[in-house]
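Report on the structure given below.
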Amino acid sequence: MFEHKKKLLHPVKVERPNPQYAVLMQEQLGGCNGEVKAAMQYLSQSFRAKDPVFKDLFLDIGTEELSHMEMVAETINLLNGGDVDYKKVDAGEIETMVTFGLNPALVNSSGNPWTADYVTVTGDLAADLLADIASEQRAKVVYEYLYRQIDDKYVKETIMFLLEREEAHNALFCEALNKITDDGSNKSFGMSEDSRLYFDLSKPGRYFDDPDPKAPKMANAKDSKSTKSK
């Protein structure tokens with residue numbers, strides 16, 4: 001059961017309308033690394049999760065991503081201003097001006113509709129968590145690109161908040177991955193000598209030794225900081 005609270009997770013406002021930048025923000029609403037993708041991916045992964053520890057994590061973060069989607073949509077709404085005018089958009093999608101009536105729609109910055117093909121669900125905890133870590137990392141990259149291209153201080157505050165939350169999710173997924181070193185696809189690491197061979201096929205130059213596969217272990221940024229301080 002979901003319950004909606006009308007107060008946003010974090011305040012959203014803009015200094016002034018900027019329809020062209022609203023187009024860029026559409027990438028984090030309906031794009032392949034956006035908030036809808038993240039919410040649907042984590043919630044979908046929760047459906048089959050049997051361990052309450054991981055099920056709860058997927059549900060908590062997936063639900064928070066819905067609130068991020070709401071924040072991004074409100075930012076786009078404010079940036080679009082009060083009236084349709086395609087002349088204010090020099091590049092990217094213009095469906096907002098001719099089809100959606102300024103409504104933040106589930107399309108990316110090029111106008112391509114959101115699709116469930118963006119969502120990764122395998123039923124394997126290790127594979128899903130690795131996909132989630134990669135998803136959060138890619139989302140951070142997009143937000144960093146967006147942050148560099150806007151001078152509006154309020155929009156920058158919103159983006160920075162979302163960036164920091166992606167960092168938190170990344171750390172949590174890394175911590176979760178460390179809890180399943182002998183589960184699912186992690187059981188098959190390093191089963192034969194074939195897994196310990198390096199094929200040096202791009203010559204000249206070799207920069208890595210023969211591999212020694214082990215279950216992946218992800219460091220929590222919090223742990224890394226505490227180690228450095230010692």
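Within the accessible area of the chain, what % is carbon and sulfur when the probe is 1.4 Å and the other protein chains stay in place? Don't skip to the end; give the middle numbers.
Details: 7400 of 13550 Å².
Its accessible area is 55 percent carbon and sulfur atoms.
I'd like the distance separating the alpha-carbon centroids of region 10-63 and region 145-203, in whole Å.
16 Å
In nm, to one decimal, how far is the Arg196 label point from the Lys87 one, both placed 7 Å along Cα→Cβ?
7.2 nm
Do any chymotrypsin sites (Phe, Trp or Tyr not before Pro) in region 1-98 lie in a DSSP loop with no more than 16 other beta carbon atoms within 10 Å, and if so, which?
On the way: sites: Phe2, Tyr21, Tyr42, Phe47, Phe54, Phe58, Tyr86; in loops: Phe2, Phe47.
Loop-located and lightly packed - Phe2, Phe47.
Quick one: which residues, 5 or more positions from Val107 or on another chain, have an amide H under 5 Å from its amide H? H modelled 1.01 Å from N in the peptide plane, none for Pro or chain starts.
Hits under the 5 Å cutoff: Gly30, Trp114.
How big, on average over all directions, is the shadow cast by the Cα convex hull of region 57-177, in nm²? Let's see the in-between values first.
Working: hull surface 32.3 nm².
Averaged projected hull area, Cα only: 8.1 nm².
With only Lys, Arg, Asp and Glu charged, each at its Cβ (+1 for the first two, -1 for the last two), find how big the charge dipole of the chain is about the Cα centre; round to the nearest 20 debye.
Numbers: 28 positive and 38 negative charges, 103 e Å.
Once rounded to the nearest 20, the dipole reads 500 debye.
Step through the residues of region 86-100 one at a time and calculate ³J(HN,Hα) from phi using the Karplus curve (6.51 cos²θ - 1.76 cosθ + 1.60, θ = phi - 60°), rounding each to whole Hz and writing x for Gly and Pro.
Values, residue by residue: 5, 5, 7, 10, 8, 8, x, 5, 10, 4, 4, 8, 10, 10, 9 Hz.
Per residue, how large is the accessible surface of region 17-182? Use a 1.4 angstrom probe and give square angstrom. List each step's numbers first, then the result.
Details: 7430 Å² over 166 residues.
For region 17-182, the per-residue accessible area is 45 Å².
Leaving ligands and nucleic acids out of the surface, order Tyr143, Tyr198, Tyr118 by accessible area at 1.4 Å, largest first. Don't skip to the answer; put the middle values down first.
Numbers: Tyr143 0, Tyr198 80, Tyr118 50 Å².
Ranked from most to least accessible, the order is Tyr198, Tyr118, Tyr143.
Go ahead and estimate [θ] at 222 nm for the chain from helices alone: -39,500 (n - 2.57) per DSSP H run with n ≥ 4, summed, over the residue count, rounded to 500. Before the final figure, lay out each step's value.
Values: 8 runs with 113 residues, N = 230.
Dividing the helical sum by the residues of the chain leaves -16000 deg cm²/dmol.
Quick one: if the Förster radius is 45 Å, what FRET efficiency do Glu15 and Arg48 give, using the C-beta to C-beta distance and rounding to 0.05? Don't skip to the answer; put the middle values down first.
Working: r = 45 Å, r/R0 = 0.99.
It comes out at approximately 0.50.
Please list, by residue number, every one of the trypsin sites (Lys or Arg not before Pro) in region 31-122 that is coil in DSSP and has at most 13 other beta-carbon atoms within 10 Å.
On the way: sites: Lys37, Arg48, Lys50, Lys55, Lys87, Lys88; in loops: Arg48, Lys50.
Counting only loop positions with at most 13 other Cβ atoms within 10 Å, the trypsin sites (Lys or Arg not before Pro) in region 31-122 are Lys50.
Give me the three principal axis extents of the chain from the C-alpha atoms, as integers in angstrom, largest value leading.
Principal-axis extents of the Cα atoms in the chain, largest first: 65, 52, 41 Å.
Could you give each residue of region 22-27 its phi-based ³J(HN,Hα) in whole Hz, using Karplus coefficients 6.51, -1.76, 1.60 with θ = phi - 60°, and x for Gly or Pro?
4, 4, 5, 5, 4, 4
The values are calculated or read from the model by the stated rules, or taken from the named source; none is laboratory data. Keep in mind that what you see is a predicted model, and the values were worked out from it rather than measured. In this analysis, Cβ positions are derived from the backbone assuming ideal geometry, glycine residues included, and neighbour counts consider all displayed protein chains. SASA here: full protein model, heavy atoms, side chains in, ligands and nucleic acids out. Shrake-Rupley method; radii C 1.70, N 1.55, O 1.52, S 1.80 Å.
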